[in-house]
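For reference, the structure is listed below as structure tokens.
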Amino acid sequence: MQEAATELDATDLRLLEQLQSDASQSNQDLAAAAHTSPATALRRVRRLVDTGVIDRRVALLNPERIFLGGQGLSAIVEISLDRQGAEHLDAFEQRVLPDAEVQQLWRVSPGPDFVLVVHCTGGMPGYQALVQRLFTQDANVRNVKAYFGVKRAKFDPRVVLRAQP
């Protein structure tokens, strides 16, 4: 059963836009940028967290600044399973979810069963270890197809909150 969407008014949307751009700003700065009082901003943000609209607040790192020696490797990986019953799909997800090098895990259709976004700190040897750990040892993985990142032209995790012009 899917949960009902939280109703968001214009103030909520302004706060969310600001937080998606910079979640580290003070409540005072957030309130000023969203054209509301600090008390209202604080109360609204708490409600947005409590209702799950704000999932979590994180720092987004630039891997190119961290892995200057080229030791990092990003890949988009398609996974097709041999058996696709719900229990097999769930079992694969549960095995992959805890792995820190898996940044995103999507169950998709049509095409492969899953698409993963991974970042391996050990370059190609790190990717090979991930393949061995997550895919090779699973007798239900039928096919693995990887696309290796050579340049990240855009990365923006924001959710569009209103129609684009």
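The values are calculated or read from the model by the stated rules, or taken from the named source; none is laboratory data. Keep in mind that what you see is a predicted model, and the values were worked out from it rather than measured. All Cβ positions, even for glycine, are placed from backbone atoms using ideal geometry, and neighbour counts span all protein chains on display.
List pairs: first residue in the range 9-30 and under 17 Å from residue 58 (Cβ atoms) and in the same structural domain as residue 46 (by TED's automatic domain parsing), second residue polar (S, T, N, Q) and part of a helix (DSSP H, G or I) anywhere in the structure, Cβ distance under 8 angstrom, at least six positions apart or on different chains.
25/18; 30/18
State all residues of the range 91-148 that are of a type in the set (Gly, Ala, Ser) and part of a strand (DSSP E or B); if no residue qualifies, say none.
The one that is of a type in the set (Gly, Ala, Ser) and part of a strand (DSSP E or B): 146.
Considering every residue within the range 116-139, establish whether at least one is at pLDDT below 95, exposed (fewer than 11 other Cβ atoms within 10 Å of the Cβ), farther than 30 Å from residue 10 by Cα and among the β-branched types (Val, Ile, Thr).
no
Could you check residue 80 against (1) in contact with a Lys or Arg (Cβ under 7 Å, 6 or more places away or on another chain); (2) assigned to a helix (DSSP H, G or I); (3) of a type in the set (Gly, Ala, Ser) and say which number it fails?
The failed condition is (2).
On the given criteria, is residue 78 surrounded by 14 or more Cβ atoms within 10 Å (Cβ to Cβ) and either touching a residue at least 12 places away in the same chain (Cβ under 8 Å) or within 28 Å of residue 115 (Cα to Cα) (or both)?
yes
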